[in-house]
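Structure first, then comments.
The values are calculated or read from the model by the stated rules, or taken from the named source; none is laboratory data. If you're wondering where the values come from, they're calculated on a predicted model, not measured in any experiment. For neighbour counting, all protein chains shown are included, and Cβ atoms are generated from backbone atoms with ideal geometry for every residue, glycine included. These accessible areas exclude ligands, DNA and RNA; they are computed on the full protein's heavy atoms, side chains included. Shrake-Rupley method; radii C 1.70, N 1.55, O 1.52, S 1.80 Å.
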Amino acid sequence: MTRSSLQASPRPFLFIFGKPSMTRRSSLVDALRVATASLAIAMLVAPARTLSAQAASSTFIKGDRLASVGVMTGGDYDGTGVGAMVEWGVASLTSKVQLGLGGFVGVQRNSDGIGSVKVSTTVLPLMATGNLHFALPDQPKLDLYAGASLGFIRASGDVSGVSGGSSSSTDTAVGIQGGARYIVASKLSVVGQVGLGDLPLIFAGVSFKF
């Protein structure tokens, strides 16, 4: 469109949302309508996304403190036992990834034998843990985590029978873990964890925020 044609039209258009004037600018009006509608939708959706992100991150965030107790079994050392974990939320790496540091302690016992020979073992792991917690916007009650553990493990054994005796040792312990917590109340959740290395293969119990 030339400059003279613009000057010949005293009113380019009368309305943005109403009936346009008799000009050839209907495409511009349509574009304005689409832009305005898109802006309105964005203004409505943005708060919903913010609330969703806040709900997702509420499962475990910086400043949270968790204590977990449960039963454990399997791993490098056979047998079953009980264990406890504590964890503090120390940093928000992103809006959906939180860093937690803590510790794990437990006792695991096993007894086996052949004939008159009986072997009993007791394992006591004491480890520092670090986990990354991942928030899922579509599952605000679910806390997925994975990490690594480092510490010490004391193993002792007693043999009774033909050549009875006992022995014990303390070694460096290393493991990796992954698990999930599901919130069932404001400060209560159930937890399940799988471990490799010097950690129990299975840990299952409950977690409390304190």
| query | Under a 1.4 Å probe, what is the accessible area of the range 54-173 per residue, stated in Å²? | reply | 53
| Which aspartates and glutamates have a Cα lying under 20 Å from the Cα of K62, excluding residues fewer than 8 positions away in the same chain? | E87, D143
| query | For the charge dipole of the range 52-210, defined by +1 on Lys and Arg C-beta atoms and -1 on Asp and Glu C-beta atoms about the Cα centroid, which residue among S68, L188, A173 has the Cα displaced farthest towards the positive pole? | reply | L188
| query | Carbon and sulfur: what percent of the range 90-187's accessible surface (1.4 Å probe)? | reply | 63
| said: 7 Å from Cα along Cα→Cβ at both K209 and L126: what's the point-to-point distance in nm? | reply: 3.1
| How much net charge surrounds F134 when only other residues with a Cβ under 10 Å from its Cβ are counted (Lys, Arg +1; Asp, Glu -1)? | 0
| said: Taking 0.36 nm per residue of sequence separation and subtracting the Cα-Cα distance, how much length would be gained by fully extending the chain between I202 and S186, in nm to one decimal? | reply: 3.2 nm
| request: Would you kindly derive the ³J(HN,Hα) couplings of the range 88-94 from the backbone phi angles with the Karplus curve 6.51 cos²θ - 1.76 cosθ + 1.60 (θ = phi - 60°), listing them in order in whole Hz, with x for Gly and Pro? | output: 10, x, 10, 7, 9, 6, 9
| task | Would you kindly state how much longer the chain becomes between S92 and R154 on full extension, computed as 0.36 nm times their sequence separation minus their alpha carbon distance, in nm to one decimal? | result | 18.9 nm
